[in-house]
Structure formats: structure tokens, C-alpha cells
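The next block holds one structure in the form of C-alpha cells; read it before the comments.
The values are calculated or read from the model by the stated rules, or taken from the named source; none is laboratory data. Predicted, not measured: the structure shown is a model, and the values here were computed from it. Heads up, the Cβs are rebuilt from the backbone with ideal geometry, glycines too, and the neighbour counts pull from every protein chain shown.
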Amino acid sequence: MTCKSVQTINTLLEQDKQHVWHPYSITQSDTSIYPVKSAQGVTITLMDGTTLIDGMSSWWSAVHGYNHPILNQAIEQQLHKMAHIMFGGLTHQPAIELAQKLVDITPEPLQTVFFSDSGSVAVEVAMKMAIQYWHTKNQTQKKRLLTIRHGYHGDTFGAMSVSDPDNGMHSLFNNTLIKQLFAEAPNCGFYEVCTAEDIAPLASQLKTHHQEIAAIILEPIVQGAGGMRFYSPMYLYQVRELCNKYNVLLILDEIATGFGRTGKLFACEHANIAPDILCLGKALTGGYMTLAATLATNEIANSIRHGEPGIFMHGPTFMANPLACATALASVKLLLESPWQGRVKNIASLLQQGLSPCQQYKHVKEVRVLGAIGVIELHQVINLKSLQPKFVAAGVWVRPFNKLIYLMPPFIITDQELDRLIRAVVKIVNEM
Ligand SMILES: *Cc1c(COP(=O)(O)O)cnc(C)c1O
């Protein structure tokens, strides 16, 4: 490090502090922040030359690691054709091929694809589709959403309205949100039996309110940012049955769980069920670009097509961005051609072995692993300000929140890299 480059870094950091907002932060914040120079495979290189093993996949998304030659090629080739073109009245091969691919790999009833810019918007689109569907059926009273607690569906107003109202990050806005219906989340873990007690709260809300409910929205099997909770596939299966019984649509938000993270390509496969509407995002482009998709059944698409006003009332400016679609198509193909099942299984067993010693520590409440997700839940809220620099000093990138330290590395991580990541985390948790 020359004097000059240290100076450059300090100037940049000062400007960042003055002018740039980061996720769930304020400008001028005094918590540490690290400028990244580049990223390659599972290695993040900071501007000062420090290298970190990535334990986050940039929040579920970089499943193939960074700077992948095949994804680079896909985006470069598309760039020389067109970076973007409006999607109203025009269409293009990357969007069509990606839509076809998504229809092929998701549960059979899902046949139509709406592209949008981010996960939150995909959720807004799903909610609007459900409401508009019932509108076309002359059931305009069916406009509320039912969900379970501890959910997280995004940061926009509709998505906030179905995220956990208390433990979530949005309680400040509660008074301005649409009032949706909430049921207690199930307590059955992934490997446990779902009892009558687990399903009763949701069943009772449905029984009372089904006439005004457009859809149930859930994160299948793994509740992510609302608490990294895993629940039984039996629960999900019963939710599907209840939706059928009460004539309510099922929206599954697989923005976090999609594309192999839980050990199945889509988490709903654990329960062998299909939703009426499915939201995808995060790993869709392998973490390269922001892109999301909302898939719906023909029944929903046709009802909206043939109902009043005959069109779906949503259309983002950057809908189906060609660079993003081309990259997503390459990413999905790359995933399907890779031995991802074996990789995820291997990550799961190394996480299980490696993290389980933490179970003995007094300040640890629970260690749980599902697919390529490892969670250490503590009894108390973590002091990020003191903990974050320790992870960086240990050469790993881990970003805890609330009471949770969690790992979800890129699928391409080697055993040695994963071992280093796990050892660093276990040592730091031990010393807390
Ligand atoms: C991240 C996430 C979202 C929101 O996606 P953004 O791209 O951040 O808008 C929605 N639902 C789930 C389950 C998520 O994990």
C-alpha cells in the first residue's frame, strides 16, 4: 500500500460517509464499511488488498461466485446487441428464452412470466395479480392478504404490509400500511412433524376471513430476513390444501430460496406442491444484475386477459432488461449443468459438522442447517459494530443481523475455503 492509495481510500470513505446511503443504515454512520476493489470466485478483495472468503453470496444471489467467465461472456455478447429496449410493444430473444426456461423448471401449472426489477417489485406484482384476478371474477371483496409471522417480503409498501409487523424492520411504518391478516408461524422445524397446533392459527384465520382473502403469501420452508427459520414441508402441504378448500390463491415467495439454496431447485418441491403465483429474484442472474420474475398459472393469466380491463395494470420502464435476461438465462443453464445438488449437500454436511460445536456455547440458542444455509442463533442481539471487524480481520465476509450469524456461501466454494470460513466463525462465536 502506497501512501497515495491509502489517501485515495480515505477520501472515498469520507465521501461515502457524507453522501451515500447503505441498506438499513444512515449516512454518517460510525459503523465500519469496507471498500471492495474486486471479487473473483469466492474471494472478495478490498481496496487495501485484504482478501475475504465470501460467506454471504451477496445476500443469496452469487451462487456461482463472482466474475464467472460464462456469465461475463453472456453479458458482453448481449451488450454488443443492445443494453436495453422498451418492452411495451417490443420483445426480444433473451426475455423469451428466459421465460421459457423458467416455465420449464418451475412447477407445471406456472406458465406465464412477468419480469420486474427487484424482489420487492415481484412481490407487489404478485399481490396485484391476485387482487386483479378476483376482480375479474367479480369477487372484488377478496383483496386482503394472509400470511404468517416472521416473514420478510421486501421493502416497498405492499411487501412491507405482509412482512412481520413487530419483529420486522418496518414497524415504524405500521400505521401507514394496508392492514393484512397475520397468523402465528409454525413451530415445527424442517425435520419435524407438523401438528394440528402448528396449522391451527392459519386455518382459523382462513375460516373466519376467507371471503375477503385474495391470497396467502409465504416464503416456502425458509423464512429469511424475518429470522432464518426453517419449517416442515408438511405445513406447506397443508397450506396448499387449505387454499384449495377456501378458494384462496397461494403466492410463494422463493426470492431467497429459489435456485437450489435449500437442496431442491425450488423450496416448494420439498412439499411437492405448486403455488398459483411464484416470485423469483436474488440468484436469478447469479448475482450479476437486478432482475426478478413473477410467474402465474394460465388460469390467472387468462382470467386477467379476458376480464375487465383486459390488461394487467403494471409495467416497469426497465421491464425484462436484455442484459439481465441474457445473464439470467446463462446463470440458470450454468446451474442446471453443474452438479449443484451434490455441492449443496456437501456444503450442508460441512456446515452441520463444523458449526455444531457452537451448540455447546452458553450464549448460543440454536444451530441449524438446511441445504447451503447455516444459522447460529444467539440469545442476544449482536453488536455488529464490534463483531464485523473481527470477521474481516479473520479473512471472512459474514454479515450478522439481529441475533443471527448465518452462512450461505456460493455453491462453488471448495472444502478448504468452507473449512476456513467455518473455523473463523466458530472461533469468533466462541470468543464472544
Ligand atoms: C430479499 C427478499 C425480497 C426482496 O427482494 P429485493 O430484491 O431486496 O427487493 C423479497 N422476499 C424475500 C423472501 C427476500 O429474501
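For L370, the conditions (1) more than 21 Å from the chain's Cα centre (by Cα); (2) in contact (Cβ under 8 Å) with a residue 40 or more places away in the chain are fulfilled apart from (1). Would you confirm whether or not segment 60-67 contains a residue that is free of Cβ contacts under 8 Å to residues at least 40 places away in the same chain and part of a helix (DSSP H, G or I)? The answer is no; no qualifying residue exists.
Applying the criterion of being under 22 Å from Q223 (Cα atoms) and surrounded by fewer than 20 Cβ atoms within 10 Å (Cβ to Cβ) to the residues of segment 351-363, the residue that is nearest to the chain's Cα centre (by Cα) is Q352. For segment 148-175, taking the residues that are outside any helix (DSSP H, G or I) and within 10 Å of the ligand (Cβ to nearest atom), the one that is farthest from Y231 (Cα to Cα) is identified as T156.
Residues checked against (1) in the same structural domain as N272 (by TED's automatic domain parsing); (2) closer than 25 Å to P316 by Cα; (3) part of a helix (DSSP H, G or I):
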| residue | (1), (2), (3) |
| --- | --- |
| E14 | no, no, yes |
| P23 | no, yes, no |
| Q77 | yes, yes, yes |
| K81 | yes, yes, no |
| H84 | yes, yes, no |
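Would it be correct to say that L181 is away from the ligand (no atom under 16 Å from the Cβ), crowded, with 22+ Cβ neighbours inside 10 Å and closer than 25 Å to Y235 by Cα? Judged against the criteria, L181 is not a match. Between A326, A296, A320, A271, the distinction of being closer than 22 Å to M234 by Cα and either touching a residue at least 24 places away in the same chain (Cβ under 8 Å) or surrounded by fewer than 24 Cβ atoms within 10 Å (Cβ to Cβ) (or both) belongs to A271 only. Restricting A225, A203 to residues that are small (G, A, S), in contact with a Ser or Thr (Cβ under 9 Å, 6 or more places away or on another chain) and over 14 Å from L370 (Cβ atoms) narrows the list to A225. Restricting attention to segment 295-318, the residues that are in contact with a His (Cβ under 9 Å, 6 or more places away or on another chain) and either outside the structural domain of V121 (by TED's automatic domain parsing) or within 16 Å of the ligand (Cβ to nearest atom) (or both) add up to 1. Among the residues of segment 207-230, the ones that are assigned to a strand (DSSP E or B) and within 11 Å of the chain's Cα centre (by Cα) come to 2 in all. With the requirement that a residue be in a helix (DSSP H, G or I) and crowded, with 21+ Cβ neighbours inside 10 Å, what does segment 94-123 give you? P94, A95, L98, A99, L102, G119, S120, V121, A122, V123, listed by residue number. At negative phi and away from the ligand (no atom under 16 Å from the Cβ) - does that describe any residue in segment 213-225? Checking segment 213-225: at least one residue is at negative phi and away from the ligand (no atom under 16 Å from the Cβ). The residues in segment 261-293 that are in a loop (DSSP other than H, G, I, E, B) and within 15 Å of the ligand (Cβ to nearest atom) can be counted, and the count is 11.
Residue pairs whose Cβ atoms lie under 7 Å apart, sitting 6 or more positions apart in sequence or on different chains, and linking a residue in segment 42-57 that is polar (S, T, N, Q) to a partner that is part of a loop (DSSP other than H, G, I, E, B), are T51/G395; S57/V63; S57/G287; S57/M408; S57/P409; S57/P410.
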